[in-house]
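Here's the structure we're looking at; comments come further down.
The values are calculated or read from the model by the stated rules, or taken from the named source; none is laboratory data. Keep in mind that what you see is a predicted model, and the values were worked out from it rather than measured. Cβ placement follows ideal geometry from the backbone for every residue including glycine, while neighbour counts extend to all protein chains displayed. The accessibility values were calculated without ligands, DNA or RNA, using every heavy atom of the protein model including side chains. Shrake-Rupley method; radii C 1.70, N 1.55, O 1.52, S 1.80 Å.
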Amino acid sequence: MKVNGYAATAEKSKLTPYSYELGPLGSEDVDIKVSYCGICHSDLSMINNEWGMSQYPFVPGHEIIGEVLAIGDAVKNLKVGDRVGLGWMSSSCMSCEQCMDGSHHLCGSSEATIVGRNGGFADKVRGHWSWVIPLPEGIDMSKAGPLLCGGITVFNPIILAGVKPTDKVGVIGIGGLGHMAIKFLKHWGCEVVAFSSNPNKKQDILNMGANKVINSRAPEELESIAGQLNFILNTTNVSLDWNSYLMTLAPKGRFHTVGAVLEPMAIPAFSLIMGEKSVGGSPIGSPALTKTMLDFCVRHEIYPQVEEFSMSDVNEAIAHLEEGKARYRIVLKN
C-alpha cells in the first residue's frame, strides 16, 4: 500500500512530501486512514534528533485519529470502517509480565509510532491492533487526537497517585499538557492550583477550570500555599527550583513529573523525608486506561483547546508551535 506523507530528511529540516510503501499487512496489523493528527512537542524533538534516536527520512505524528482501512486475519475487536485512534505506541509484545499485567505501555519490547518507523503526518499509518483504540460514540474527532498522547500522559498520573476528589492539587506549566491536566482534575472534583510564569494566560487558565493561579516566578506566592497540596503534576521540560514546589506539598504529598527534563532533578532528601513525600514520573498509559480516559472525556465534554491547520501547511503549523504561539494544541487535518 502506497502512503503519501511529509518527512524530515535531516536534523532540523523542514518537512517535504514523501511517498513510501507499507509492505505486506501482518496478521495482527491494522492500517488506518488518517483524518486528523495532532502535533506534539515530542514530534519536534524527534525532527531535531534531540533524543539521538531519529532516523531519516522521518515522518512524524503520533496523535492520530482516523478509520480502519484494513486488518490482518488475527486482529481482534476491530473491523474495517471503525473510527479509531493511535498514540505514542504502536505495538507491544503481548506476552511479557507487563503486557500480561495490563501495563502494555511499560513493555520492554514495545514499538513507538515514530521511532524507527513512519507516523501520522501522512494519509495512512499502521499499528498493532492492541494499540489501535476504538473511539467512543459522540467523540469530537477533530479535537480527539491530542488526547491519544498528551491527554493520557496527564490522565495516567491521576490514577497512579490515587488522587481523590477532595484533594487540593497543583499543575506546573499550563501549555499543551498542563491545560488538559487542569480540565481532568477539575472534573475529577479537585481544587486546582495552576503554576504559570506567563501572567497573560491567567484568565485563560481560570476559564479552563483552575481555582487559583500562582505566579511561579514570585517566591512569596509559592510560600503562600506552603504545605497545602496533596499532589503536584509537572508538565514542563525545563529545570526549576524543585524544592520550592516540594515545600507546597502537604505531608504525604506526591510530586509527579511527565515533563521530559533532560538535566538531573535536584531533590533535597530532607524535603521528602520530613513529610513522607514522594517523587515519581510516568510515560503514557495502557490501551485500557486510554479507552477509559476517552469515555471520561465524552462524559464530561473534555477536549484540548486546539488550532487546526491543513496537513499541507505542516511547516507553518510546526513554526507556530516552535514560536510558542500554540493555544494550546495543534491538529493537522487531511
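Here's the yes/no breakdown for (1) modelled with pLDDT under 95; (2) charged (D, E, K, R); (3) more than 25 Å from Leu289 (Cβ to Cβ):
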{"site": "Pro17", "(1), (2), (3)": "no, no, yes"}
{"site": "Val34", "(1), (2), (3)": "no, no, no"}
{"site": "Phe58", "(1), (2), (3)": "no, no, yes"}
{"site": "Asp82", "(1), (2), (3)": "no, yes, no"}
{"site": "Glu97", "(1), (2), (3)": "no, yes, no"}
{"site": "Glu111", "(1), (2), (3)": "no, yes, no"}
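With respect to the conditions (1) on the phi > 0 side of the Ramachandran plot; (2) touching an Asp or Glu at 6+ places or on another chain (Cβ under 9 Å), Gly116 lacks only one, and its number is (2). Of all residues in the range 5-19, those that are without any contact (Cβ under 8 Å) to a residue 24 or more places away in the chain have Cβ atoms under 9 Å from Cβ atoms of residues that are part of a strand (DSSP E or B) and of a type outside the set (Gly, Ala, Ser), 6 or more apart or on another chain, in Thr16/Tyr6; Pro17/Asn4; Pro17/Tyr6; Ser19/Lys2; Ser19/Val3; Ser19/Asn4. Restricting Ser27, Ser19, Ser35 to those that are open to solvent by 40 Å² or more (accessible area, probe 1.4 Å) and in a strand (DSSP E or B) reduces the list to Ser19.
With respect to the conditions (1) modelled with pLDDT under 95; (2) closer than 30 Å to Leu262 by Cα, Asp101 falls short on a single one, namely (1).
Leu106 meets the conditions (1) modelled with pLDDT under 95; (2) more than 15 Å from Ser42 (Cβ to Cβ) in every case but one. The failed one is (1). Screening Ala326 against (1) surrounded by 17 or more Cβ atoms within 10 Å (Cβ to Cβ); (2) more than 20 Å from the chain's Cα centre (by Cα); (3) of a type in the set (A, V, I, L, M, F, W, C) leaves a single unmet condition, (2).
Can you name the residue in the range 160-209 that is of a type in the set (Asp, Glu) and touching a residue at least 60 places away in the same chain (Cβ under 8 Å) and, of all such residues, is farthest from Phe231 (Cα to Cα)?
Only one residue tops the list, namely Asp204.
For Phe184, the requirement of being aromatic (Phe, Trp, Tyr), at pLDDT 95 or above and either open to solvent by 60 Å² or more (accessible area, probe 1.4 Å) or under 27 Å from Met274 (Cα atoms) (or both) is not met.
Taken over the range 292-323, the criterion of being more than 18 Å from Asn48 (Cβ to Cβ), under 16 Å from the mean Cα position of the chain (by Cα), buried (at least 18 other Cβ atoms within 10 Å of the Cβ) and not aromatic (Phe, Trp, Tyr) is satisfied by Met293, Leu294, Cys297, Ile302, Pro304, Val306. Taking Asp140, is it under 23 Å from Arg327 (Cα atoms), surrounded by fewer than 24 Cβ atoms within 10 Å (Cβ to Cβ) and acidic (Asp, Glu)? Criteria met by Asp140.
Do we have Leu86 as of a type outside the set (Lys, Arg), farther than 17 Å from Gly127 by Cα, modelled with pLDDT of 95 or more and open to solvent by less than 30 Å² (accessible area, probe 1.4 Å) here? Write out each step before concluding.
On the way: of a type outside the set (Lys, Arg): yes; farther than 17 Å from Gly127 by Cα: no; modelled with pLDDT of 95 or more: yes; open to solvent by less than 30 Å² (accessible area, probe 1.4 Å): yes.
No, not satisfied.
Scoring Val132 on the criteria (1) open to solvent by 10 Å² or more (accessible area, probe 1.4 Å); (2) farther than 24 Å from Glu322 by Cα leaves a single failure, condition (1). Exactly one residue among Asp241, Asp204 is acidic (Asp, Glu) and within 27 Å of Cys297 (Cα to Cα), and that residue is Asp204. One residue alone among Val75, Val80 is free of Cβ contacts under 8 Å to residues at least 24 places away in the same chain, open to solvent by 20 Å² or more (accessible area, probe 1.4 Å) and of a type in the set (Val, Ile, Thr), and that residue is Val80. Scanning the range 1-13 for residues that are touching a Phe, Trp or Tyr at 6+ places or on another chain (Cβ under 9 Å) and not in a strand (DSSP E or B) gives Thr9, Ala10, Glu11, Ser13.
Which ones in the range 16-73 are farther than 21 Å from Met141 by Cβ and touching a helix residue (DSSP H, G or I) at 6+ places or on another chain (Cβ under 7 Å)? Residues satisfying the conditions are Glu28, Leu44, Trp51, Ser54, Phe58.
Among the residues of the range 145-163, is any in contact with a strand residue (DSSP E or B) (Cβ under 8 Å, 6 or more places away or on another chain), more than 30 Å from Asn4 (Cβ to Cβ), surrounded by fewer than 23 Cβ atoms within 10 Å (Cβ to Cβ) and among the small types (Gly, Ala, Ser)? Yes, the conditions are met somewhere in the range 145-163.
Identification of strands (runs of 3 or more DSSP E) wholly contained in the range 191-289 with 2 or more residues that are surrounded by fewer than 21 Cβ atoms within 10 Å (Cβ to Cβ) yields 212-215, 249-257, 278-281.
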